[in-house]
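Structure record follows, encoded as structure tokens.
What follows is calculated from the coordinates using simple rules that are stated; it is not laboratory data. Just so it is clear, the model here is predicted, and its values are computed rather than measured. Quick reminder, even Gly has a Cβ in these numbers, built from the backbone with ideal geometry, and neighbours come from all protein chains shown.
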Amino acid sequence: MKILIVGNGGREHAIGWSLKQDPRVTDLVFAPGNAGTTTLGTNVSIAATDTKALANWAKSEKPDLVIIGPEAPLCVGLTDEIEQLGIRVFGPNKKAAQLEGSKVFTKNLLQRAHIPTAQSETFAHAAETLEYLKSAEYPIVVKADGLASGKGVIICQSEAEAQEAVKKIMIDQDFGAAGTQVLIEEFLDGQEASIHAVTDGDELVVFSPSQDHKRIFEGDQGPNTGGMGAYAPTPAVDGPLLEEIIGCVFRPLLEEFKKSNIQYKGVLYGGLMLTSKGPKVLEFNCRFGDPETQVILPLLETPLLDIILATVSSSLRDIDFRVKNQSAMTVVMASPGYPESPKTGSPISGLTDVCADNQIIFHAGTSHSEGVIKTSGGRVLSVTGIGNTLLNAKEVAYQGIAKISFESAQFRRDIGHRAL
Ligand code: AMP
Ligand code: GLY
């Protein structure tokens, strides 16, 4: 099979790595990919957001399957375009991808389905929002409705901070049209967990529950990033709690999609807060998490291709879904200055020294330049370690990290601290 994978992050490298183990997969093409994905297949230089060029490529190259990694192309309807060509595609269509593309859409869906989530109010006018803030309780969370590269959620300790957030989103329009509406949401306290499922609209399979570390510095301090590390399974979500989450969040969500006449096929990635009053939904994403993918896919026993093909052909109920009885941890190495202003272009050394069977390097911001691999993005790569225990997986991951270096690399030494 010839498969096109859209995206260039660690997530897409991990999807490719997982598929590459499968003898049915003969050709992997990444658009645009990174230096790591060239060891699995070929890169074509088309941006993940250039849906016209991607559809044209698919039309002429006729892949057997297209897998869309990031949310941006899903939210603008790349799935619909590829489907129209009669090519199989993994990822929700434009209507379904509103699950990530509009927080207002999702909040309404969750409320209609009585799915536990933070209480919130939706506003479309700044004056009205500012008025509401006067009588609100703090802390409070201000959220831009649309996609804002992870920056559209602002936790505010006081009315003054909330006013500033509303000004930024609604008046200054820092996130453009994504800030036409805002949600003002109750602040929830607890540990966060990432629950990934894949659904064909009727049935679903649920991956090992994971947790990521969003803050740049150790002790979960400093600004938010795309994620500095992740691990799975997390002891914060044991078997009974996972069953509860499937029963009170995922199943009712699928029912509500059906009632709304939306066919949802693809990844459902729930970000949940484990509060003292039970799990509550913070957000839903319509694609795999990054860096969570780098730990949940290595723990899969069932071939990823089987899951994807069964999703596309609506036969997920026939899948024998299994995950390994092991743990995985991934540790991200980032460029100096990340997340605000990453400095890139440094040569990376030690990549070939990370070669144990239970160690995997997943590239993100890397590229080939003058015959060497150099840093080319904020998050550069991550090393995943696999072990029989989480502690074991951590040791393996950090042994890999110790072998890789580039100028002023940043990484956290405490990934998994909540669990260990
Ligand atoms: P979201 O994009 O909605 O997941 O928000 C990004 C991050 O903001 C989450 O991972 C949480 O850490 C935090 N967050 C979002 N909503 C809330 C909330 N209601 N209470 C507390 N933290 C929140
Ligand atoms: N790890 C967070 C995300 O993928 O959104």
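Which stretch or stretches of the range 195-212 have amide N atoms under 16 Å from the point lying 7 Å from Asp238's Cα along the Cα→Cβ direction? Only 209 pass the distance filter.
Legend: P(r) of the range 350-401 from all alpha carbon pair distances, 5 Å bins from 0, whole percents, reading 5, 20, 25, 20, 15, 8, 4, 1, 0. Placing +1 on the Cβ of every Lys and Arg and -1 on the Cβ of every Asp and Glu, with nothing else charged, gives the range 18-97 a dipole about its Cα centre of roughly 60 debye. Overall form of the range 31-72: oblate. Here a/c, set by the Cα gyration tensor axes a ≥ b ≥ c, is 1.5 or more, and a/b is not larger than b/c.
Output the direction-averaged projected area (hull surface divided by four) of the convex hull of the alpha-carbon atoms of the range 250-322, in nm². Intermediate results must be reported in sequence, preceding the final value.
Numbers: hull surface 24.6 nm².
Computed as one quarter of the Cα hull surface, the answer is 6.1 nm².
How high is the FRET efficiency between Ser369 and Asn56 when r is their beta carbon distance and R₀ equals 30 Å, given to the nearest 0.05? Between Ser369 and Asn56 the formula returns 0.65.
Hey, what does the equivalent ellipsoid look like for the range 164-212, semi-axes from the Cα gyration tensor as sqrt of 5 times each eigenvalue, largest first, whole Å?
Working: eigenvalues 212, 57, 19 Å².
Equivalent ellipsoid semi-axes, largest first: 33, 17, 10 Å.
Sequence-ordered 3J(HN,Hα) estimates for the range 379-388 from the Karplus curve with 6.51, -1.76 and 1.60 and θ = phi - 60° stand at 8, 8, 6, 9, 10, 9, x, 10, x, 6 Hz, glycine and proline given as x. Rg over Rh for the range 321-420 works out to 1.01, using Cα positions for both radii and the Kirkwood form for Rh.
Report the equivalent ellipsoid semi-axes for the range 124-199 in whole Å, largest first, defined as the square roots of five times the eigenvalues of the gyration tensor built from alpha carbon atoms. Let's see the in-between values first.
On the way: eigenvalues 99, 58, 19 Å².
Each semi-axis is √(5λ); the values are 22, 17, 10 Å.
For the range 1-70, the average shadow cast by the Cα convex hull is 3.9 nm², which is a quarter of the hull's surface.
Dimensions of the range 207-285 based on its C-alpha atoms, expressed as ranges along the principal axes with the largest first, amount to 44, 26, 22 Å.
Taking a ≥ b ≥ c as the square roots of the eigenvalues of the alpha-carbon gyration tensor, the range 162-269 is classed oblate because a/c is 1.5 or more while a/b is no larger than b/c. The value for the range 248-371 of Rg(Cα) / (2.2 N^0.38 Å) is 1.39. Applying the Kirkwood pairwise sum to the alpha-carbon positions of the range 182-239 produces a hydrodynamic radius of 13.6 angstrom.
Give the Rg/Rh ratio for the range 3-155, taking Rg as the radius of gyration of the Cα atoms and Rh as the Kirkwood radius, to two decimals.
Values: Rg = 19.4 Å, Rh = 17.7 Å.
Value, to two decimals: 1.10.
Show me the GluC sites (Glu not before Pro) within the range 157-242 that DSSP assigns to loop and that have at most 16 other Cβ atoms within 10 Å of their Cβ. Provide the component values of the computation, followed by the final result.
Details: sites: Glu159, Glu161, Glu164, Glu185, Glu186, Glu192, Glu203, Glu218; in loops: Glu203, Glu218.
Counting only loop positions with at most 16 other Cβ atoms within 10 Å, the GluC sites (Glu not before Pro) in the range 157-242 are Glu218.
If eta is 1.002 mPa s and T is 20 °C, what Stokes-Einstein diffusion coefficient results for the chain, Kirkwood Rh from Cα pairs, in µm²/s?
Working: Rh = 21.8 Å.
It comes out at roughly 98 µm²/s.
Please list the equivalent ellipsoid semi-axes of the range 70-225, computed as the square roots of five times the alpha-carbon gyration tensor eigenvalues, in descending order and whole angstrom. Mind showing how you got there, number by number?
Numbers: eigenvalues 173, 78, 50 Å².
In descending order the semi-axes read 29, 20, 16 Å.
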